[in-house]
């Protein structure tokens with residue numbers, strides 16, 4: 001498991017992930033100042049034009065917080081409901097929008113196959129569906145796939161009710177829920193932090209549960225045998241230049257676009 005960092009471009013308001021090895025696809029995320037990246041919006045159009053990605057190369061979905069994954073191709077419409085895409089051709093570019101949920105990028109550099117999924121609490125496990133497509137369509141076992149877990153709301157800020165916490169914990173392991181006495185941070189830190197004295201994975205009276213999307217997805221991917229897992233340790237609710245549903249509110253939160261593909 002390797003921690004990696006997004007590199008910000010303050011002129012174009014996008015960030016990118018440095019490649020570790022030759023043959024890896026481009027991984028790019030828009031930042032909050034780039035504008036809201038909802039489907040059909042002018043900000044998304046401007047970003048794709050800036051990246052010189054022609055509309056016929058770009059694929060996205062109408063996201064519904066599901067575990068539904070599709071293979072990109074001419075017959076796939078952006079109105080199709082789902083939350084994950086596997087590239088049907090090497091020149092395709094795939095995108096999902098996120099604003100606290102986790103984008104997970106998957107790729108196999110040798111064959112140049114790749115995918116991206118939108119994983120929130122309801123959709124946790126969707127990466128396993130994409131890995132199934134890698135195996136069934138391309139004969140690539142999960143242990144040969146690289147996963148990059150993007151920024152999302154972290155356990156410092158993602159407070160939920162106890163029923164949701166217990167469901168999440170039973171599905172994704174003990175470490176996927178943290179219990180703490182303090183309220184959510186939302187403090188716009190450049191790097192999020194939690195007080196380790198007040199955070200633990202065992203329930204106590206008077207403490208509130210907080211979901212840990214990073215731990216949940218690490219748990220699910222490691223169980224599939226993935227050896228190359230990279231993660232970006234940034235909390236969307238704590239970081240000023242990232243969009244966050246929880247921090248900004250339901251009426252004005254900023255959708256960010258998470259993109260993977262061989263763009264240049």
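For the chain, treating each Cα as an identical point scatterer without solvent, what Debye log10 I(q)/I(0) comes out at q = 0.15 1/Å? Here log10 of I(q) over I(0) equals -1.07. Measuring nothing but how far apart in sequence close Cα pairs (under 8 Å, 6+ apart) lie, relative to its length, the chain scores a relative contact order of 26 percent.
For the chain, a Gaussian network of Cα nodes joined below 10 Å ranks 167, 214, 106 by mean-square fluctuation, and the top entry is 167.
Counting only alpha carbon atoms, the long axis of helix 162-172 and the longest principal axis of the chain meet at about 50°.
With contributions of -39500 (n - 2.57) from each DSSP H run of at least four residues, the per-residue ellipticity at 222 nm computed over the chain stands at -5500 deg cm²/dmol. Potential lengthening of the chain between residue 164 and residue 38 amounts to 42.6 nm, from the contour at 0.36 nm per residue minus the alpha-carbon distance. Could you check which residue among 140, 153, 28 shows the biggest mean-square fluctuation in a GNM of the chain with a 10 Å Cα cutoff? Checking each option, the largest mean-square fluctuation is seen for 140. The gain in end-to-end length when the residue 223 to residue 81 segment is fully stretched comes to 48.3 nm, 0.36 nm per residue minus the alpha carbon separation. Where does helix 213-223 land angle-wise versus the long Cα axis of the chain, in degrees 0 to 90, nearest 10? Value to nearest ten degrees: 70. Here the Gaussian network model covers the chain, with springs between Cα atoms less than 10 Å apart; of 54, 178, 32, 54 fluctuates the most.
Using only Cα atoms and rounding to the nearest 10 degrees, what angle (0 to 90) does helix 126-138 make with the longest principal axis of the chain? Relative to the chain, helix 126-138 is tipped by roughly 30 degrees. Extension gain for residue 52-residue 3 works out to 14.7 nm (0.36 nm per residue, less the C-alpha to C-alpha distance).
Every number in this text was worked out from the coordinates using simple rules, so none of it is lab data. None of the values given here were measured: they were computed from a predicted structure.
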